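Asks: Okay, handing you the structure first.
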Amino acid sequence: MFCRFWPNSRKMALCVSLIDDLNKLKSRTGNERGLLMEAFVFLCLIRIAVLLVPFQRIAGFLGLIAQETPAMQSSAEQKTAATSIGWAVRAAAYRIPWAGQCLSQALAAMMMLKRRGISCVLYLGVAKDLNGQESLAAHAWLTCGDVFVTGEGGHEKFSVLAKFVVKGGR
């Protein structure tokens, strides 16, 4: 194995981790591998957009700004697709070399759901910094019906500032 020739233990750990990830990838179905690749692509595109494009321009592509979210019904098939997309985005975000924060994950998953004609709601919220400081913390999460696609952890601590509804259908 080529890793044994690397004297640095950090490089060795990275190599072992990469090999483990490749073995996990091989054990996935073709559909899951496709979702992972799509998630990587969207996370990369969103990273570039967030760095280069003002948020006001990005917000124009997010969907309808809603004061109240209508009760969105999702079929069992759509919920299963949303759950799979959430898994793929979280798995890809964990492995990208930059920080794949909640906003990037929510936007990537939203684009993946939108491509499939599945309705979803993107929430943007704020809260006082959870570390007790006087600054604000922000969070983004995405739902499909009653399924949390991304950002479920800790969302209840945040006050919703904006909701963007993406209507399904092709």
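Asks: Scan the range 56-96 residue by residue and report those that are at pLDDT 90 or above, among the polar types (S, T, N, Q) and surrounded by 15 or more Cβ atoms within 10 Å (Cβ to Cβ).
Replies: GLN78, SER84
Asks: In the range 130-141, how many residues are of a type in the set (A, V, I, L, M) and either surrounded by 21 or more Cβ atoms within 10 Å (Cβ to Cβ) or modelled with pLDDT of 95 or more (or both)? Lay out the reasoning, then the answer.
Replies: Residues of the range 130-141 that are of a type in the set (A, V, I, L, M), as a first pass: 130, 136-138, 140.
Those still in the list that are either surrounded by 21 or more Cβ atoms within 10 Å (Cβ to Cβ) or modelled with pLDDT of 95 or more (or both) too: 140.
Going through the range 130-141 one residue at a time, the tally reaches 1.
Asks: Another question, if that's okay. What pairs come up if the first residue lies in the range 102-129 and is open to solvent by 30 Å² or more (accessible area, probe 1.4 Å), the second is of a type in the set (Phe, Trp, Tyr) and in a strand (DSSP E or B), and their beta carbons are under 6 Å apart, counting only those six or more places apart or on different chains?
Replies: TYR123/TRP141
Asks: Quick one: which strands (runs of 3 or more DSSP E) lie wholly within the range 84-170 and hold at least 3 residues that are touching a Cys at 6+ places or on another chain (Cβ under 9 Å) and among the aliphatic types (A, V, I, L, M)? Lay out the reasoning, then the answer.
Replies: Working: elements: 120-128, 136-144, 147-150, 159-166.
The qualifying strands (runs of 3 or more DSSP E) are 136-144.
Asks: For the range 1-55, which residues satisfy the criterion of being part of a helix (DSSP H, G or I), farther than 24 Å from TRP87 by Cα and modelled with pLDDT of 85 or more?
Replies: If the condition is that a residue be part of a helix (DSSP H, G or I), farther than 24 Å from TRP87 by Cα and modelled with pLDDT of 85 or more, then LEU51, LEU52 are the ones that fit.
The values are calculated or read from the model by the stated rules, or taken from the named source; none is laboratory data. Worth saying up front: this structure is predicted, and the values here are computed from it rather than measured. All Cβ positions, even for glycine, are placed from backbone atoms using ideal geometry, and neighbour counts span all protein chains on display. These area figures cover heavy atoms from the full protein model, side chains too; ligands, DNA and RNA do not enter into them. Shrake-Rupley method; radii C 1.70, N 1.55, O 1.52, S 1.80 Å.
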